[in-house]
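A.B. asks: I'd like to ask some things about the structure below.
The values are calculated or read from the model by the stated rules, or taken from the named source; none is laboratory data. This one's a predicted model, so the numbers in the text were calculated from it and none came from an experiment. Counting neighbours? That spans all protein chains shown, and the Cβs are built from the backbone with ideal geometry, glycine included. Heavy atoms of the whole protein, side chains included, go into the accessibility calculation; ligands, DNA and RNA do not. Shrake-Rupley method; radii C 1.70, N 1.55, O 1.52, S 1.80 Å.
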Amino acid sequence: MCCQGDALVQRVCELYEKISSLESLKPSQDVNMLFTQLVLTCIPPSPIDVSKLCQGVQEIRSNLIRLCGEAEGLLENHFSTILGSYEHPLDHLAIFPYYSNYLKLSKLEFNILSQHFTRVPSKIAFVGSGPLPLTSIVLASNHLTKTSFDNYDIDTLANSMALGLVSSDPDLSKRMVFHTTDIMDVTTALKDYEVVFLAALVGMDKMEKLKIIDHLAKYMAPGATLMLRSAHGARAFLYPVTDPCDDLRGFEVLSVFHPTDEVINSIVIARKYALPVQHSSSINSQEINAGAIRLPSKCCEIETFNPFQKLGSMIEELAFEEQL
């Protein structure tokens, strides 16, 4: 393949071949070992731009993201089942191997949200909560202790498992609700949320992600905040990328944060424009390739003070000058 002269790309492709040959992606010694190697390969800061990779590697990346998503879902199912066997599941969250990452990620998201949202939100939606809704649990337990969380997932079993984790907690059982529905079918209810979180694996490819963002822009309340997760550098082999300059039509992007430690996801925070924005009824690949789907604004980078420097991370602020 044209890109395989790059040692990083070659290593990722080698791991993809091994992962795609596995009979099952359920947690096992082989699965854990290969995905650990993949994560360790992709975590170090890298200047690679995955959008410029050749077609063959692009296809491998797309397939790899789906494999990672499937493996992540199976891992969460596995540990949610174990946690559900305890009388008080929330007392044992630390058995999940990536729990410390969720603590750090949720702390980062709360700090970033606090910079741009001056009051405590009363109601938050989390889209793509899954069977182990750790972000909602950590935020509700540690940071937003008076806020209600509506969690959306299309999987009935995942929601049932998630509900089982919080049902024994007298506080969270009242503040966390689980809805089994496709977020694309949620319309006027989206106006009730001051903040909407969009999980990284909701919208596995560019087309899916853009349709969901377009839907949120149409139905969220003017001035409401969107928090979404993306990926940067080689980490984009693990998760889909949301381009803050091109993909968030209808939103004013406030900041983008790229961790450089073991927290894999980038964090994007945006605010829905107060003025109405025209929305197309459909998005097609020709429009995307032609760059027709763009923010009604000019994207530029500015330097800002980094409050997270002690975490070994970098932050970039994106300012938008409206062209109305």
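A.B. asks: Could you check how many residues of segment 200-219 are open to solvent by less than 50 Å² (accessible area, probe 1.4 Å), under 15 Å from the mean Cα position of the chain (by Cα) and either at negative phi or outside the structural domain of Glu252 (by the TED database) (or both)?
C.D. replies: Residues flagged as open to solvent by less than 50 Å² (accessible area, probe 1.4 Å), under 15 Å from the mean Cα position of the chain (by Cα) and either at negative phi or outside the structural domain of Glu252 (by the TED database) (or both) within segment 200-219 amount to 9.
A.B. asks: Would you check if Phe35 is touching a Phe, Trp or Tyr at 6+ places or on another chain (Cβ under 6 Å) and of a type outside the set (A, V, I, L, M)?
C.D. replies: Taking the combined requirement at face value, the residue does not satisfy it.
Residue-by-condition table, conditions (1) closer than 26 Å to Asp243 by Cα; (2) in contact (Cβ under 8 Å) with a residue 60 or more places away in the chain; (3) part of a helix (DSSP H, G or I); (4) touching a helix residue (DSSP H, G or I) at 6+ places or on another chain (Cβ under 6 Å):
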residue: Thr36; (1), (2), (3), (4): no, no, yes, no
residue: Asn63; (1), (2), (3), (4): yes, no, yes, no
residue: Glu70; (1), (2), (3), (4): yes, no, yes, no
residue: Tyr86; (1), (2), (3), (4): no, no, no, yes
residue: Lys104; (1), (2), (3), (4): yes, yes, yes, no
residue: Phe126; (1), (2), (3), (4): yes, yes, no, yes
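A.B. asks: Which one of these is of a type outside the set (Val, Ile, Thr) and over 18 Å from Ile264 (Cβ atoms): Leu15, Leu53?
C.D. replies: Every option except Leu53 fails the conditions.
A.B. asks: Quick check on Pro170: is it assigned to a loop (DSSP other than H, G, I, E, B) and either open to solvent by 40 Å² or more (accessible area, probe 1.4 Å) or of a type in the set (A, V, I, L, M) (or both)?
C.D. replies: Yes.
A.B. asks: Give the number of residues within segment 111-124 that are under 24 Å from Ala189 (Cβ atoms) and either in a helix (DSSP H, G or I) or open to solvent by less than 50 Å² (accessible area, probe 1.4 Å) (or both).
C.D. replies: 5
A.B. asks: Go through segment 88-102 and report how many residues are assigned to a helix (DSSP H, G or I) and closer than 15 Å to Ser168 by Cα.
C.D. replies: The qualifying residues number 5.
A.B. asks: For segment 87-102, name all the residues that are open to solvent by less than 60 Å² (accessible area, probe 1.4 Å) and of a type outside the set (S, T, N, Q).
C.D. replies: Pro89, Leu90, Leu93, Phe96, Tyr99, Tyr102
A.B. asks: At pLDDT below 95 and crowded, with 19+ Cβ neighbours inside 10 Å, is that true of Leu75?
C.D. replies: no
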